[in-house]
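Down below is the structure, laid out as structure tokens.
The values are calculated or read from the model by the stated rules, or taken from the named source; none is laboratory data. Please read all numbers here as calculations on a predicted model, not as lab measurements. A quick note on method: Cβ atoms are made from the backbone with ideal geometry, for glycine too, and the neighbour counts reach across all protein chains shown.
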Amino acid sequence: MKSARVSIILSLIFLGQLLSACSGGANNTNSTQPNSNQYRPAGSTANDMVEELELLVTLPIEPEETVWREDPQTAGDTTQPPYTKKLTAILKYPQADAGKLAALLEQSSPPLATGINTESWFPAELIAQSDLSGDDTLKGDSYSAASFYRAPYSDGRIMRVEGTDYFILELYSR
């Protein structure tokens with residue numbers, strides 16, 4: 001008798017878990033809640049889809065890795081020039097392509113030593129490198145980003161991070 005009770009109780013627990021797992025899945029697949037990146041609000045998270053980035057910018061050489069984010073201007077932000085949107089992309093190239101891109105960029109403008117503050121969504125390797133500098137910045141050579149422009153973006157720069165094959169692209173729309 002006692003083993004029959006235990007068996008019934010265990011069966012009910014198992015059935016309850018099975019039903020709760022099924023009902024949670026139904027809520028997650030609600031057809032009114034799209035999960036595609038195209039519905040994500042600008043600036044909410046970083047995106048690693050190079051195909052989507054290519055719809056917004058021209059990539060003279062395709063990177064092997066990318067992570068990017070598009071942000072609307074914050075109202076009252078006096079630290080940035082007036083713009084309606086900002087796109088920041090971290091582009092990683094194979095060593096040979098990084099050299100080719102740097103040579104291409106030098107044709108349009110001489111490099112300027114500069115720095116960029118890291119953000120939490122940057123690749124871990126770049127965040128670690130900025131931590132070593134002690135001021136959360138990445139240093140490198142900055143160039144005009146004119147060869148990357150595609151409407152609505154018409155202003156910006158690209159920086160090769162010192163000692164790496166990473167480039168940080170910052171574009172603005174006015």
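Listed here are the residues, each with its yes/no results for (1) among the β-branched types (Val, Ile, Thr); (2) modelled with pLDDT under 95; (3) more than 21 Å from GLU52 (Cα to Cα).
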{"residue": "THR84", "(1), (2), (3)": "yes, yes, no"}
{"residue": "THR88", "(1), (2), (3)": "yes, no, no"}
{"residue": "PRO94", "(1), (2), (3)": "no, no, no"}
{"residue": "LEU101", "(1), (2), (3)": "no, no, no"}
{"residue": "GLN107", "(1), (2), (3)": "no, yes, yes"}
{"residue": "ILE127", "(1), (2), (3)": "yes, yes, yes"}
{"residue": "ASP131", "(1), (2), (3)": "no, yes, yes"}
{"residue": "GLY134", "(1), (2), (3)": "no, yes, yes"}
{"residue": "GLY140", "(1), (2), (3)": "no, no, yes"}
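Okay, residues lined up against (1) β-branched (Val, Ile, Thr); (2) within 15 Å of LEU91 (Cβ to Cβ):
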| site | (1), (2) |
| --- | --- |
| LEU138 | no, yes |
| ALA151 | no, no |
| ILE158 | yes, yes |
| GLY163 | no, no |
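Give the number of residues within the range 158-174 that are crowded, with 20+ Cβ neighbours inside 10 Å and either touching a His at 6+ places or on another chain (Cβ under 7 Å) or not aliphatic (A, V, I, L, M) (or both).
So the count comes out to 5.
Quick check, is LEU171 closer than 17 Å to PRO60 by Cβ, within 20 Å of the chain's Cα centre (by Cα) and either of a type in the set (Gly, Ala, Ser) or not in a loop (DSSP other than H, G, I, E, B) (or both)?
yes
Please enumerate the residues belonging to the range 105-142 that are part of a helix (DSSP H, G or I), surrounded by fewer than 14 Cβ atoms within 10 Å (Cβ to Cβ) and out of contact with any helix residue (DSSP H, G or I) (no Cβ under 7 Å at 6 or more places or on another chain).
Matches in the range 105-142: GLU106, GLN107, ALA124, GLU125, ALA128, ASP131, LEU132, SER133.
In the range 143-157, which residue that is assigned to a loop (DSSP other than H, G, I, E, B) and not hydroxyl-bearing (Ser, Thr, Tyr) is surrounded by the most Cβ atoms within 10 Å (Cβ to Cβ)?
Among those residues, the one meeting the criterion is ALA145.
Applying the selection to the range 115-147, what residues are in contact (Cβ under 8 Å) with a residue 60 or more places away in the chain and under 17 Å from the mean Cα position of the chain (by Cα)?
If the condition is that a residue be in contact (Cβ under 8 Å) with a residue 60 or more places away in the chain and under 17 Å from the mean Cα position of the chain (by Cα), then TRP121 is the only one that fits.
Hey, PRO123 hits all of (1) modelled with pLDDT of 90 or more; (2) in contact with a Lys or Arg (Cβ under 6 Å, 6 or more places away or on another chain) but one; which does it fall short on?
(2)
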